[in-house]
Structures are given as structure tokens and as C-alpha cells.
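Data block below; observations after.
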Amino acid sequence: MDGRVRLIAIVVALVFAAGWSEGPRQETVAVSGVQSAVRILRDPWGVPHIFAQSEGDLFFAQGFSAARDRLFQLELWRRAATGTMAEVVGEKALERDVGARLLAFRGDLEEELRHYHPRGPAIVRSFVAGINAHVELVRNDPARLPLEFRLLGIRPGLWTPEVVVSRHNGLFRNARQEVRLARLASRAGLGRMRELVEWQPRHPPLEEAEDLDLASIPDGVLDLYRASRARFDFQPEDIVENRWRAQPAAPSSRAAALDFLGLPVGSNNWVVAPWRSQTGKALLANDPHRSLQTPSLRYFAHLSAPGWEVIGGGEPALPGISIGHNGFGAWGLTIFPVDQEDLYSYRTHPDDPSRYLYRGEWEEMSSREELFRVEGGEPVHRTLRFTRHGPVLYQDAANQRAYALRAAWLEVGSAPYLASLRFGQARSWQDFRDACSFFLAPSENMLWADVEGNIGWQATGITPLRPNWSGLLPVPGDGRYEWAGTLPVLELPHSLNPPEGILATANQYNLPAGYPHRVGYSWTPPFRYARILESLAARPLLGMADMVQLQTDVLSLPARGLVPLLNGLEAGDGRVEAARRRLLDWDFRMDADSPAAALFALWQRRLVEKTWDLHLPAEIREDFEGRTLSKTLEWLRAPDGRFGPQPVRARDRLLLDCLEEAAAELAERLGDDPEGWRYGHEKLHHARIPHLLSDAVKQELRGRLDAGPLPRPGDRYTVNMTTGADNQRSGASFRLIVDLADWDRSLASNAPGQSGDPDNPHYRDLFEDWARDRYFPLLYSRERIEEVAREVLVLTPRQP
């Protein structure tokens, strides 16, 4: 379905919704915490539109609504933030809890809350009070308790502001990469590492490589770091209701699609200036690519009160809207990959491992005693230690070494996305830039479009200044490698009203020529960005249908580079020749119903694997994680002696051998008839989103918890990014398109639904439309919302 047909389908859906004749369901709940009545209107797509008479009541109601929709998700967030998962599932979560408390923010809470908004302390406390009001409601009425709590035999706990400012769910970098690169450099050498790893700028100085024995870094140095951020999957022994407990567990792959650098594989956003738009007003589109979860990571809401009129999506555990619009302007984000972490190695005292050498003197680590309660076991006491740089992740007593993390995100104001509160009240480009100056984490490309006709880009994020090293490798903690402060956010790259009338970001390298500061070296290959620019430039005037068509575009630029290499080759085998011709006749689109896309996907996988095998030293071949497609293309287009004495002939043979293997695998998976192959087949490229309890429960209940499978198009290099794995585990689960000429024409998607309660009709009602690249209208005007509302919840003050 092309963009225009899809847009017509959306309009039809809106007309149908407007004709809803049964009237909305009404409910009134008396709660302690609101000063006046608050109305929450839920539209047919599960979006709560909150109308309050004061700021405090508004954010109370946002917290209440989020808890009403996502209580189990919020409970897991709370336990992840506070390091209390072991209280539920026992010792297997203990290291996760230790890591969570070790990496917790421990600065001044009032200063922290004031950073995010001038009235941040009051806003966050109102939001927390709203969550807790719903928690108390559920505690007093067990019939309201969602299924997951009953299965695990637990009750939700109360929130505090410290939970809201937790850093546990942030997108940070690059401690994991430092350890991987240290291992690579120690085994393959710096020269070979420079050749194999893709950096921008291309040749980082790596001054630090000579000052530390990189081979000595222990394998477990990041175990606590990883544990604190790992997805937790419940197992059958965690289920207290025997009738639903799976026997035995059915393990499944849970890894999100991450690249070598530890980054999600991407996000897209772009803005179109009024003079490039069919309506004469700007257009904005954003689709962040994050892990697909049940329930969704993102949560749509509309916040309306004096001084506030903002709609869009954020994370359910946070007040405010991180991607959306407010009637004056619209904004969206993609990751701008600032390196915000450094791993330090210390020499410790031979007689006292709590002391470390710093500038010729022995310094004492600070410490903190923590008690961890463990379900089914005795409480565990742990001592958490900290150097002047940060939390101690690992101590190697035998070698008298300690390792600590210096993380910019532990500084005041670095709670992920919380500074989005300031975006909600921005009325101009200058207001928006001022708000960006407070947005420290995660580091983002923020795009803006406003009703005055401006479009702008501002990179954001807390950026350490490293005067004498790259930040790509671990460094000694002896005082030679210190930050020279951090870069003011507004000194990061930015642009206003470019002459092309278009701004776009897709995690590509976008530092201006001659930019003086080291920001980071790990960027996403520019395939999606190039396709976005190509598509936007193809039309003199752009409309909403063009925005839809581009957000769901599945044309593969890598296919354009690889497939022509098959021209003029001779395949002796008939099946291989048929496969070659099928690809040469193909339009390079990764459509779900395309046999050629299925063939190309498996061919491309093999080409990447086998081309890299020729270029990797044997000693690192098995565990090297950076097999990028862009390097593969480079080597295949200009084969050298590593292919053999006749490089071009050997390259051509490799192309055909991989094609033969791909065709054979497809025949095995999908049948011998190529006309019956489909890229979006359940056995090939699909989306199935398992619930966290999926492996713990019996099949009949698993069907109620999981979403999918459904066919998906695209791959990790298309604008419609769906990863290259068989089961799509990350991608554009959330989409937003805004037409500033008419806010009610905004379009959105969110998978699998707005609710996290498996018994709620909005649990996965958006999943099929999302999987088939369809949208729902994100209504903004009070009149249109009242017309389509399916449910009205009124929160009234509880009488003493």
C-alpha cells in the first residue's frame, strides 16, 4: 500500500471513529492529591487526553493515567531503579540489583529536580503522587490488579522522585566499546584495529593506547554494568499460580539488534520548511528505533492545563512529552552519539585494595553499605566502593587492580529525557534552544519546526572534554587522563533555516567540517540518511502522504550497490542462474511479499560473513562483532589480494557461492517454488514481541501475552528500519508525523498498544496496523477529541 492509499485509510478510520454512536463509557474516581476535577478522555486508539485546571493536577493525572495503563511495566521500572528485583525472583537478580545501586544517581535531589524545569520538584512530586494514588487504589481493590502481579504473587510498590530520575534505562556509550576495542587491540594490534573498525573522523589518535596493558583487562570488568541494564525474563519457577506455570521453560532469543558500538541500529527524523510544503506550513516526522517490547516503551498522552497544551509520546515513567508538539512548534529526536563514559584502571595498594594510586599518593575509596533482600534466601550485605572518578565496577585483588566508571550521566541533570518538560512550553526557536541547553541525556539530534516558519537542528548532550585522549580505550586512573569539564550544550552543532529547506538526521556522521571538539567516533552508516535526502529532494513540494511514504520506505541502498555486481556473471547451476536473474530484475525494495527481497536478505548475510572472514585475522575471527555492511561493500567493489591471486575472479565466485547457499536455505525454509517465497514469512522476517513472562507460562496463556507474529518489510538499512534478524526485535515502534497547518492531521503509530494490561482492549490493538505500516490520527483540538472519545475518566478530590 503506497503512502496516499494508506493516508486515505487513515481518514476513513477517523470518519468511522467520529461516527461512534454508543457514547463514551463514564467513570469517576475520588482520589487524594487533586485540587479540582480532572477529565481524562480516551480516544479510540487508547490515547489519554488529560484536561486539568492546574499544573499540579495535570501531572498528577499523567502519573495516574500511566499507572492505570502500565502498572506492571512501572513496577519493573521501579525495581530496576531501586535494585530490588531479587526481592521478587531471588538470587538470580542479585547482581542486577547490586549494579543498579552502584550506578544510581547520588547527588542533591532538589538541585537535580530543578534542572529539568523551574518547577521541576513540584511537577515530579505531583507525577509520583499520581502513580501512587493508582497503586493505593489497586492495593485496596485486588480486582484491579493486572494479570502479571497475580502470576508472580506480588503487589505494586510506591514510587519516590528518586525512581523518576533513575539512569537505568538510558542510552549511554561507550564503556562496552572500550572493553571490546581493548581486547581487539591487544589481539590484533592497533594498525589492524584501525583498518577494521569504522570511525568518523576516520583516524582517531588513540594516544592512550601506550599507557595501559590492554590485554590485562579482565573479562568480567563490566558484569555489574551489563547486569544493571539487562532485560529480565521471568522463568517458570517465578510463577506462583501452578496452573499457568510452563514445564519446562521454552527459551527464546531476547537480544535486541545492536551494532558493534552498542547503539540501537538507528532512528530517523526530518523537517520540511514551509516553502517546500504543499500546505505552506512546516512538516515534521520522527521515528525513534528502540527495542520492541510488550508493552511498548513509548506512551502517548495529551496534557492540557493553564500554561500547557502538549501532545506526543514519552516513556510512561516520566512526566512530560519527549516527542510531540504544543500548538506553537513540534520536535523530534534521534541519537547523536556522544561518548559519555570512560573506564579507568587503577593500581591498588598491595595491603589494602580499598586504596588506589592517584598522582603519586594513595587515596581511599569511599564506600557505602547496602542490604539486599533476596526472595527465598537470607539478606545479603554488599559494600559499594567509589573512586574520585566514579563507581568501582570490578576489583582484581590478585593483580592489584581496580576499575571504575566515569559517567557524564551521573552528573546533575542527566536523567534521560526528563528535560523534555521544558520543550512542552517552548513557543519559538530561541525557547527551544534554551530548553535544549538543559537536555543532557541521552545525547540527541533535536529537530524543531514552528508556526512562524522556522526549522532548526540542535545537537544536545553532556559532552566530556578530553584534552589528551580519544576516549575510545580504557585509561589509567592515576591522574594523567582527566576531563577538562564538559562542553556547553549550545556549542554543539546546530542549524536554522538551511537554504535547502530540509533538515534530516539518521544517526549519521554530521559534525560540520572543522568542528573543533571531540564528540565521539561511532556513527551509523549513512544509508538511511542518504535515502531520506534522495526522497525529499525528488519532489518540489511535499505533503503528508509523502511523509508517510518515506517513513515506511523500504528501498535498500545497499542492494543498489551489491546486486549490480552480479551483472555479466555466469552461473552454471540453473537454480543459481534463476536466482541471479531474479535479483537483477528486482526493484531493490524489501517488501514483505517479495521473493527477491527474501533472497537478497540471505545473500547479503552470507556476503558480509564470508567477506569479513577473508579480512579478519584468524585469532579474532570467531568473536569479532563489527562486521559492517559498508566495509563489505567497499571490499567487494574493489577486491584486493586477500581474495586470492585473482581477486576479481575470486570475488565473483564468492558472489555466486553465497547466492547458491541463500537459494538453498530459502528452499529449505519456505519450499522449492521461488514464486511462493515471501520476505515477510513467519519463518523469515517477522515481528513477534514476547512478553517478559512468555517463557514462564504455558502456551495457552502465552498467546494472550505475546504480540504477533506478523510479516514485516524493510531491514536495518532501510528508512523503515526493521533490523536484519528473522524476528524483528527493534525498530520504529513509535512514529509521529506533524502537519503544522492543521494539528489534527497529525499521524502516529505505537506497537503493540497503549495499555500494558493483557486484559485491556488497548493491549495490542495497534499492533496489526503498525506491522502493516498504517497510522492512527493523533487528535489535538478539544472539539475533535470530544467527538471521538470512547471513555471519560473524572478524577475528583476525595473528601476528608
Next on the checklist: Just to be sure I understand the filter: pairs with C-beta atoms under 9 Å, separated by 6 or more residues or on different chains, first member in the stretch 479-494 and within 30 Å of ILE455 (Cβ to Cβ), second member open to solvent by 60 Å² or more (accessible area, probe 1.4 Å) and of a type in the set (Phe, Trp, Tyr). Which pairs pass?
Outcome noted: VAL489/PHE438
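Among the residues of the stretch 181-192, are any closer than 27 Å to SER414 by Cα, buried (at least 20 other Cβ atoms within 10 Å of the Cβ) and over 22 Å from the mean Cα position of the chain (by Cα)? Step through it out loud before you land on a result.
Step one: list which residues in the stretch 181-192 are closer than 27 Å to SER414 by Cα, which gives 181.
With buried (at least 20 other Cβ atoms within 10 Å of the Cβ) added as a condition, the list becomes 181.
Narrowing further to those that are over 22 Å from the mean Cα position of the chain (by Cα): 181.
Looking through the stretch 181-192, at least one residue is closer than 27 Å to SER414 by Cα, buried (at least 20 other Cβ atoms within 10 Å of the Cβ) and over 22 Å from the mean Cα position of the chain (by Cα).
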Next on the checklist: Please pick out the residue among GLY153, GLY220, GLY157 that is in contact (Cβ under 8 Å) with a residue 12 or more places away in the chain and either among the charged types (D, E, K, R) or buried (at least 16 other Cβ atoms within 10 Å of the Cβ) (or both).
Outcome noted: GLY157
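Looking at the stretch 558-575 only, could you name the residues that are in a helix (DSSP H, G or I) and at pLDDT 95 or above? Working first, answer last.
Start the filter on the stretch 558-575 by keeping residues that are in a helix (DSSP H, G or I), which leaves 558-566, 574-575.
Selection gives PRO558, ALA559, ARG560, GLY561, LEU562, VAL563, PRO564, LEU565, LEU566.
For ASP757, indicate whether it is part of a loop (DSSP other than H, G, I, E, B) and within 27 Å of PRO48 (Cα to Cα).
Working: part of a loop (DSSP other than H, G, I, E, B): yes; within 27 Å of PRO48 (Cα to Cα): yes.
In short, yes.
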Checklist outcome for this item: Flagged in the stretch 435-478 as under 22 Å from PHE386 (Cα atoms), assigned to a loop (DSSP other than H, G, I, E, B) and of a type in the set (Val, Ile, Thr), in numbering order, are ILE462
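Quick grid of which residues meet (1) open to solvent by 10 Å² or more (accessible area, probe 1.4 Å); (2) within 26 Å of PHE432 (Cβ to Cβ):
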{"position": "PRO48", "(1), (2)": "no, yes"}
{"position": "SER54", "(1), (2)": "yes, yes"}
{"position": "ALA67", "(1), (2)": "no, no"}
{"position": "ARG78", "(1), (2)": "yes, no"}
{"position": "GLU87", "(1), (2)": "yes, no"}
{"position": "LYS92", "(1), (2)": "yes, no"}
{"position": "GLU95", "(1), (2)": "yes, no"}
{"position": "GLY99", "(1), (2)": "no, no"}
Checklist entry - What about ARG144, is it open to solvent by 30 Å² or more (accessible area, probe 1.4 Å), closer than 28 Å to VAL697 by Cα and among the basic types (Lys, Arg)? => result yes
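So which of GLY46, GLY107, GLY99 ends up being of a type outside the set (S, T, N, Q), within 24 Å of the chain's Cα centre (by Cα) and outside any helix (DSSP H, G or I)? Talk me through it step by step, then tell me what you get.
Values: GLY107 fails: within 24 Å of the chain's Cα centre (by Cα); GLY99 fails: outside any helix (DSSP H, G or I).
From the options GLY46, GLY107, GLY99, the qualifying one is GLY46.
Do we find a residue being β-branched (Val, Ile, Thr), within 30 Å of ALA426 (Cβ to Cβ) and open to solvent by less than 10 Å² (accessible area, probe 1.4 Å) anywhere in the stretch 339-361? Give the derivation first.
Step one: filter the stretch 339-361 for residues β-branched (Val, Ile, Thr), giving 348.
Keeping just the survivors that are within 30 Å of ALA426 (Cβ to Cβ) gives none.
Looking for residues that are β-branched (Val, Ile, Thr), within 30 Å of ALA426 (Cβ to Cβ) and open to solvent by less than 10 Å² (accessible area, probe 1.4 Å), one finds none in the stretch 339-361, hence no.
Conditions (1) among the polar types (S, T, N, Q); (2) out of contact with any Leu (no Cβ under 8 Å at 6 or more places or on another chain); (3) farther than 25 Å from ALA707 by Cα, marked per residue:
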| position | (1), (2), (3) |
| --- | --- |
| ARG642 | no, no, yes |
| GLU660 | no, yes, yes |
| ALA664 | no, yes, yes |
| ARG669 | no, no, no |
| ASP673 | no, yes, yes |
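Inspect all residues belonging to the stretch 586-605 and state whether any of them is under 37 Å from the mean Cα position of the chain (by Cα) and over 26 Å from ASP773 (Cα atoms). Before you say what the answer is, go through the steps one by one.
Taking the stretch 586-605 as the starting set, the residues that turn out to be under 37 Å from the mean Cα position of the chain (by Cα) are 586-605.
Right, trim to over 26 Å from ASP773 (Cα atoms) and you get none.
Checking the stretch 586-605: not a single residue is under 37 Å from the mean Cα position of the chain (by Cα) and over 26 Å from ASP773 (Cα atoms).
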Next on the checklist: When the residues of the stretch 704-720 are narrowed to those that are in contact with a Lys or Arg (Cβ under 9 Å, 6 or more places away or on another chain) and farther than 15 Å from TYR679 by Cβ, which ends up most open to solvent (accessible area, probe 1.4 Å)?
Outcome noted: GLY708
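State which residue is nearest to GLY90 (Cα to Cα) when the search covers only the stretch 375-406 and only residues that are among the hydroxyl-bearing types (Ser, Thr, Tyr) and part of a strand (DSSP E or B). Don't jump to the end; show me each part of the working.
Let us first name the residues in the stretch 375-406 that are among the hydroxyl-bearing types (Ser, Thr, Tyr), namely 383, 387, 394, 403.
This time we only want the ones that are part of a strand (DSSP E or B), so: 383, 394, 403.
Working: THR383: 19, TYR394: 23, TYR403: 27 Å.
Only one residue tops the list, namely THR383.
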Checklist entry - Quick one: which of ALA317, ALA301, ALA330 is assigned to a loop (DSSP other than H, G, I, E, B) and in contact (Cβ under 8 Å) with a residue 12 or more places away in the chain? => result ALA317
Item to check | Lone unmet requirement of (1) outside any loop (DSSP other than H, G, I, E, B); (2) open to solvent by 20 Å² or more (accessible area, probe 1.4 Å) for TRP603 | outcome: (2)
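Go over the candidates GLY314, GLY320, GLY376 one by one and state the one that is open to solvent by 50 Å² or more (accessible area, probe 1.4 Å) and touching a Gly at 6+ places or on another chain (Cβ under 7 Å). Can you show your working first?
Values: GLY314 fails: open to solvent by 50 Å² or more (accessible area, probe 1.4 Å); GLY320 fails: open to solvent by 50 Å² or more (accessible area, probe 1.4 Å).
Only one candidate qualifies: GLY376.
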Checklist entry - Do you know which residues across the stretch 477-493 are buried (at least 17 other Cβ atoms within 10 Å of the Cβ) and under 28 Å from the mean Cα position of the chain (by Cα)? => result LEU487, VAL489, LEU492
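A quick yes/no check of all residues on (1) among the acidic types (Asp, Glu); (2) touching a residue at least 60 places away in the same chain (Cβ under 8 Å); (3) open to solvent by 40 Å² or more (accessible area, probe 1.4 Å); (4) in a loop (DSSP other than H, G, I, E, B):
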site	(1), (2), (3), (4)
GLU622	yes, no, yes, yes
GLU634	yes, no, yes, no
PRO639	no, no, no, yes
ARG642	no, no, yes, no
PRO645	no, no, yes, yes
ARG649	no, no, yes, no
LEU656	no, yes, no, no
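If you check GLU22 against the conditions, is it within 23 Å of GLU309 (Cβ to Cβ) and more than 26 Å from the chain's Cα centre (by Cα)? Working first, answer last.
Details: within 23 Å of GLU309 (Cβ to Cβ): no; more than 26 Å from the chain's Cα centre (by Cα): yes.
Answer is no for this residue.
The values are calculated or read from the model by the stated rules, or taken from the named source; none is laboratory data. No experiment lies behind these values; they were computed from the predicted model shown. Every residue, glycine as well, gets a Cβ built from its backbone with ideal geometry; the counts of neighbours run over all protein chains shown. Please note that ligands, DNA and RNA were not included when accessible areas were found on the heavy atoms of the full protein model with its side chains. Shrake-Rupley method; radii C 1.70, N 1.55, O 1.52, S 1.80 Å.
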